[in-house]
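The values are calculated or read from the model by the stated rules, or taken from the named source; none is laboratory data. What you are looking at is a predicted structure, and each value in this text was computed from that prediction instead of being measured. Positions of Cβ are backbone-derived with ideal geometry, glycine not excepted, and every protein chain shown enters the neighbour counts.
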Amino acid sequence: MAAPAIGQEKSPDPRPNLAIVASPSAINRFGGSLDALNDGLTPTPRGNQRGGGGGNRPQPPRSQFWVQYEWAQPVSTKEIAVYWWDYNSAIRLPMAYRLEYWDGSNFVPVKNAAGFGLANNQYNATTFDEIKTTKLRLALDSADRGSSTLVEWAVYKTENSPSPAPVVIAGIDRDVMVGGKSYLAATIKSVTPVSNVSWAKASGPGNVIFSNTGDKNATAQFTTPGKYELKLTATEGKNTVASTLKVIVHQPPKAKRLDVVYTKRYKIDSKLWSDRAKAMIVNWIPFCIDQNERTDLTTGEGGLDNFIEAAKAIRGEPHAKHKGYVFSNAWVHQTVESMCIALMVDPQGDAAIIAAQEKMKKKLEEWIPIILAAQEPDGYLHTAYTLRDTAHWKTRWNPRNRGDHEGYVAGYFIESAINHYTLTEGKDKRLYDAAKRLADCWVANIGPGKIAWYDGHQEMEQALVRFGRFVNDMEGKGSHGDSYVNLAKFLLDNRKDGSEYDQSHVPVQQQYEAVGHAVRATYNYSAMADVAAETGDVDYQSAVMSLWNNMINKKYYLTGGIGSGETSEGFGGNYSLRNNAYCESCSSAGLIFFQYKMNLAYHDAKYADLYEESMYNALLGSIDLEGKNFYYTNPLSSAQGRYAWHVCPCCVGNIPRTLLMIPTWTYVTGEDGLYVNMYVGSTIKVERVVGTDVEMVQKTDYPWSGNVGITVNPKASKTFTVYVRVPNRTTSELYTPVPQVSGLKSLKVNGQAVPVKIENGYVAIRRAWKKGDKIDIVLPMEIQKVTADERIEADRGRVALRVGPLIYNVETADNNGDINKVIGKTPLTMEWKPTFLNGVMTIKGTWSDGTPLIAIPNFARLNRIPTTPLPAAGQQTQPTRPNEPPQARMDRVAASAVWIKEKE
């Protein structure tokens with residue numbers, strides 16, 4: 001990513017700059033974006049955003065880094081200029097640097113060079129004898145952090161140099177709805193101005209209407225669904241260059257979205273899910289409660305104590321300063337929500353669960369008054385503001401404070417109120433009413449004609465739509481709910497002229513590629529999907545589908561995780577999916593919400609396929625089998641144990657609150673019936689199905705078996721449709737499983753076979769349902785070998801193993817300490833081990849050397865290596881970015897890996 005401390009303005013030098021059309025590359029580069037080096041703009045540094053300082057550290061031994069430009073045709077130059085910046089003495093400039101050019105065989109020094117200045121925060125010119133070349137290289141000696149201090153490099157054209165052809169990039173491939181606009185934003189880099197630009201349809205089944213074919217920033221509309229290719233042609237002098245982009249055109253989704261099934265009291269009848277739920281209820285959530293009540297952690301955490309101090313400040317009493325991160329309220333609210341959801345799980349007589357639930361009931365009664373006492377009279381709630389340092393934070397909703405998470409913590413409070421309301425069946429409205437006051441405070445202050453604002457972290461946007469929908473459902477259409485949805489859209493619509501990091505770089509309707517911080521991205525896209533479903537905004541629908549397509553088909557891990565970590569906790573480029581990935585647990589939770597919203601909007605089972613995949617593989621194993629340690633990051637190759645806590649505990653409550661909402665993920669309802677999206681042994685009441693409530697009872701050992709029995713018990717006999725999801729294990733184009741497994745092995749209702757006709761991933765069974773009617777399905781559960789798209793460099797020559805929704809993992813603990821071998825040709829078989837890792841289905845085979853190969857479900861990985869103990873009072877907790885070894889080292893020592901060598 002470009003260094004955030006550097007602004008840019010147009011370069012004052014009028015000479016043609018050859019660098020603009022060069023392809024940059026570097027070795028040993030750490031820091032800023034290569035693309036920023038040759039954008040032709042003058043940096044305008046605004047202070048040190050990197051932290052640390054050069055100080056008096058000794059100079060390292062001479063080491064060399066280089067940055068290189070390459071042109072498609074030879075160019076001539078005799079002068080360059082480089083702009084150095086030391087980030088206000090935070091990073092040293094290089095000791096020296098040299099200029100070399102490619103003579104056709106080797107890089108050689110330029111002759112008679114004069115310059116090589118190292119003046120900070122300005123251009124440094126160097127002249128030399130004229131050269132003609134296709135490559136130019138700057139070699140830097142003893143550069144601190146590589147070449148980070150080099151922020152712009154200009155190469156000036158001589159009169160003898162032909163003008164290179166312009167660089168034309170038509171834009172990002174995208175999706176669009178019929179009737180919606182696709183916002184074209186081409187990139188044209190040229191040494192001298194282009195004389196002509198022209199858009200045209202290259203292919204496609206219908207007509208394309210351009211707003212202006214001669215404008216690189218035109219819009220395009222399409223008359224007919226299908227696949228299109230648009231071509232942009234640019235001319236500079238004698239050079240004409242064209243570039244294309246692909247557009248998939250869809251019909252808009254149905255006007256009526258599907259309806260949410262709110263999580264209320266339910267029963268689990270599945271050993272896998274019962275074990276995971278018990279671990280979270282008995283161990284993990286009580287531990288989070290205890291951690292939030294601690295007052296002795298001094299690194300990043302602040303818990304309930306911030307609410308206590310904020311209440312004192314509101315009453316005008318002496319109070320302590322805010323402790324920890326500005327967003328530390330979040331894990332308190334998440335823990336409240338997790339407690340509420342955990343209390344909805346039927347303990348079925350389990351003494352340990354009953355005891356834990358009793359503790360949670362008491363804690364809710366203790367915590368709720370403490371939290372509400374910190375709410376300001378007008379409804380605003382954010383303890384970091386109430387206890388603020390006024391020199392930093394003088395007003396609410398200030399653009400300079402976008403990073404202070406006002407909306408992030410407010411959103412989590414609102415979401416906790418929803419599940420507290422459903423827990424008490426609306427009998428206790430303390431949090432619900434407080435959430436309405438908070439939302440009303442935001443509505444009163446932000447909006448058209450009021451404050452124009454957006455938060456740096458987009459939790460409030462998805463919470464407002466979720467809450468608006470909930471208020472309308474509880475109080476009836478026409479209540480406050482619509483105002484909350486409208487505010488969410490307003491907050492999203494204000495995102496522009498910012499950074500890719502928080503998805504504010506361009507208006508959300510013009511975002512077609514998943515970029516930036518992965519958690520913020522999924523929350524942003526989840527909110528956009530909700531707004532699109534609630535308002536029918538076609539441009540929102542187009543952007544959301546584009547973002548989904550880009551993420552799932554170009555930036556998605558087989559485990560259902562996202563975020564390679566190549567940018568700050570975020571996405572890399574298309575197909576850049578290294579296995580020592582970041583895959584933050586919060587991003588997996590966010591992705592589940594996003595896929596769920598897409599399922600509601602499009603009535604399509606493929607989105608449920610994907611959130612099931614994320615749940616079983618990316619998120620279920622983020623907490624260990626005992627429920628005592630967790631992962632902040634979830635790489636596909638790792639040798640690191642889980643840890644008890646984290647200096648940034650944003651995931652600790654997000655994991656259980658997401659996993660335990662089983663009723664919400666399992667069923668949704670529509671105008672003509674209900675949809676079965678997950679297969680979990682359970683008893684769940686689905687309300688408001690064509691005028692009646694329906695108790696749905698699932699009996700299944702899925703995912704260990706494909707046999708699923710579903711008993712349908714309507715309160716009153718009714719005719720409606722039950723849509724049964726037929727899993728598709730090939731939703732992402734990035735991965736190809738062999739053999740292909742699709743369809744159902746059988747489908748019966750009350751013992752009678754039913755024809756399997758699949759539409760949008762569902763089989764629709766319409767009949768007059770009465771209590772005791774039973775659906776029996778058998779899902780195919782064969783072992784599959786999965787290969788990745790060849791463009792994913794990290795997975796070339798490798799395979800992964802899959803059964804049903806489960807991705808498997810090989811560990812050194814089961815494979816004689818060595819998983820860096822080639823998989824053998826022996827047929828793979830499954831073996832149930834009832835006492836191993838709480839009971840799992842393993843895959844057995846051989847390595848090519850004949851030794852046994854054993855694979856376990858990815859969620860059970862790394863439960864047999866040491867964990868990081870909980871820190872004592874005042875000690876440093878697990879760092880925000882645990883050190884991840886490079887891939888080469890992972891190949892040698894990884895304790896766990898998803899991808900196995902298929903060949904040397």
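Tabulated results
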| quantity | calculated |
| --- | --- |
| Members of the stretch 245-300 found to be of a type in the set (Gly, Ala, Ser), assigned to a loop (DSSP other than H, G, I, E, B) and over 30 Å from residue 512 (Cα atoms), listed by number | 270, 300 |
| Single residue of the stretch 218-270 satisfying the filter (closer than 30 Å to residue 686 by Cβ and β-branched (Val, Ile, Thr)) that is surrounded by the fewest Cβ atoms within 10 Å (Cβ to Cβ) | 260 |
| Hits in the stretch 114-157 - residues which are surrounded by fewer than 15 Cβ atoms within 10 Å (Cβ to Cβ), of a type in the set (A, V, I, L, M) and in a loop (DSSP other than H, G, I, E, B) | 118, 119 |
| Test for residue 403: is it surrounded by fewer than 19 Cβ atoms within 10 Å (Cβ to Cβ) and either within 22 Å of residue 534 (Cα to Cα) or under 32 Å from the mean Cα position of the chain (by Cα) (or both) | yes |
| Filtered residue count, the stretch 382-414, keeping only those that are outside any helix (DSSP H, G or I), of a type outside the set (A, V, I, L, M, F, W, C) and in contact with a helix residue (DSSP H, G or I) (Cβ under 7 Å, 6 or more places away or on another chain) | 2 |
| Only one of 101, 87 that is of a type in the set (Phe, Trp, Tyr) and in a loop (DSSP other than H, G, I, E, B) | 87 |
| Selection from the stretch 193-231 of residues that are in a loop (DSSP other than H, G, I, E, B) and in contact with a Gly (Cβ under 7 Å, 6 or more places away or on another chain) | 204, 205, 206, 223, 224 |
| Candidates 152, 159, filtered to the one that is free of Cβ contacts under 8 Å to residues at least 12 places away in the same chain and among the charged types (D, E, K, R) | 159 |
| Cβ pairs under 6 Å, 6+ apart, first in the stretch 673-685 and touching a residue at least 40 places away in the same chain (Cβ under 8 Å), second surrounded by fewer than 21 Cβ atoms within 10 Å (Cβ to Cβ) and hydrophobic (A, V, I, L, M, F, W, C) | 680/273; 683/697 |
| Filter result (over 27 Å from residue 72 (Cβ atoms) and surrounded by fewer than 20 Cβ atoms within 10 Å (Cβ to Cβ)) within the stretch 177-200 | 178, 179, 181 |
| Per-region count, the stretch 339-376, residues exposed (fewer than 12 other Cβ atoms within 10 Å of the Cβ) and touching a residue at least 40 places away in the same chain (Cβ under 8 Å) | 1 |
| Selected residue (only one of 802, 791, 688, 766 is part of a strand (DSSP E or B), touching a Leu at 6+ places or on another chain (Cβ under 9 Å) and of a type in the set (D, E, K, R)) | 802 |
| Qualifying residues in the stretch 307-357 (those that are part of a loop (DSSP other than H, G, I, E, B) and small (Gly, Ala, Ser)) - the one farthest from residue 268 (Cα to Cα) | 316 |
| Total residues in the stretch 358-381, condition in a helix (DSSP H, G or I) and either in contact with a Lys or Arg (Cβ under 7 Å, 6 or more places away or on another chain) or not assigned by TED's automatic domain parsing to the domain that holds residue 334 (or both) | 2 |
| Hey, residue 590 assigned to a loop (DSSP other than H, G, I, E, B), surrounded by 24 or more Cβ atoms within 10 Å (Cβ to Cβ), modelled with pLDDT of 95 or more and in contact with a helix residue (DSSP H, G or I) (Cβ under 8 Å, 6 or more places away or on another chain) or not | no |
| Residue pairs meeting the criteria (Cβ under 6 Å; at least 6 apart or on separate chains; first on the phi < 0 side of the Ramachandran plot and buried (at least 19 other Cβ atoms within 10 Å of the Cβ), in the stretch 473-502; second in a loop (DSSP other than H, G, I, E, B) and of a type in the set (S, T, N, Q)) | 495/504 |
| Only listed residue being outside any loop (DSSP other than H, G, I, E, B), surrounded by fewer than 24 Cβ atoms within 10 Å (Cβ to Cβ) and touching an Asp or Glu at 6+ places or on another chain (Cβ under 7 Å), chosen from 553, 580 | 553 |
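The rows are residues; the columns are (1) loosely packed, with under 14 Cβ neighbours inside 10 Å; (2) modelled with pLDDT under 85.
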residue	(1), (2)
50	no, yes
57	yes, yes
61	yes, yes
72	yes, no
76	no, no
81	no, no
87	no, yes
94	no, no
98	no, no
